[in-house]
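Working notes, structure below.
Computed from the coordinates by the stated procedures, all read-outs in this text should not be read as laboratory data. Keep in mind that this is a model prediction, so the values were computed, not measured. Glycine gets a Cβ as well: all are built from the backbone with ideal geometry, and neighbour counts include every protein chain shown.
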Amino acid sequence: MFTSSKHVLDMKVLALKRISFLVYAGEMDHYADQTELLLKKMAEGFKLQQQKNQDLQIELFLLTRVMLLRLGPQTLAEALRKLWPHLLNELVSVFNQSDSTPRLVIEAVKIIELMSYLNIEDFHLN
């Protein structure tokens, strides 16, 4: 009741950091059954960017990279169909904003590099 919106966003950033660690530490496709819920939360996080919390955006990019590495090809293809429109919008906005921090730009470039390396078809089309 007495918490600020900044505190709530900070808690979301911390939760995303923990989730990224768990997914990365797990086996390949270990969290495939939780992918749907994870994607829903990530899409909500990308939509929260009206508040322009760059720490949240950085953690969402990190979780995206972790998912690219830890999901099998079939699960990854399904996940990217749902996440790609939100991710593409965020990547474009990072490079179009003049107030993006260098850390945020570096995280966006890391996603682009990983998607290029993994030869993801939707990425190459856009």
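At a glance:
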| item | result |
| --- | --- |
| Extreme residue, positive dipole direction of the chain, given options SER5, LEU39, VAL109 (C-beta unit charges) | SER5 |
| Under Karplus coefficients 6.51, -1.76 and 1.60, residue-wise ³J(HN,Hα) of the range 40-45 in Hz, glycine/proline x | 4, 5, 5, 4, 4, x |
| Where GluC sites (Glu not before Pro) fall in DSSP loop in the range 47-126, at most 13 other Cβ within 10 Å | none |
| Which of ASN119, LEU56, VAL66, positive extreme of dipole for the chain (C-beta unit charges) | LEU56 |
| For the chain: lysine pairs under 12 Å (alpha-carbon distance), excluding those fewer than 8 apart on one chain | 4 |
| FRET efficiency, 1/(1 + (r/R0)^6) with R0 35 Å, evaluated for MET28 and HIS7 via beta carbons | 0.50 |
| Candidates per chymotrypsin sites (Phe, Trp or Tyr not before Pro) in the range 2-42, loop by DSSP, up to 15 other Cβ within 10 Å | PHE2 |
| Sorted by Cβ density within 10 Å, fewest first, the residues SER100, SER4 | SER4, SER100 |
| Overall form of the range 5-125 per C-alpha gyration tensor (a/c, 1.5; a/b vs b/c) | oblate |
| Cα-centre dipole for the chain with unit charges at Cβ (Lys and Arg positive, Asp and Glu negative), debye to 20 | 360 |
| Estimated 222 nm signal from helices in the chain, with DSSP H stretches of n ≥ 4 weighted -39500 (n - 2.57), rounded to 500 | -25500 deg cm²/dmol |
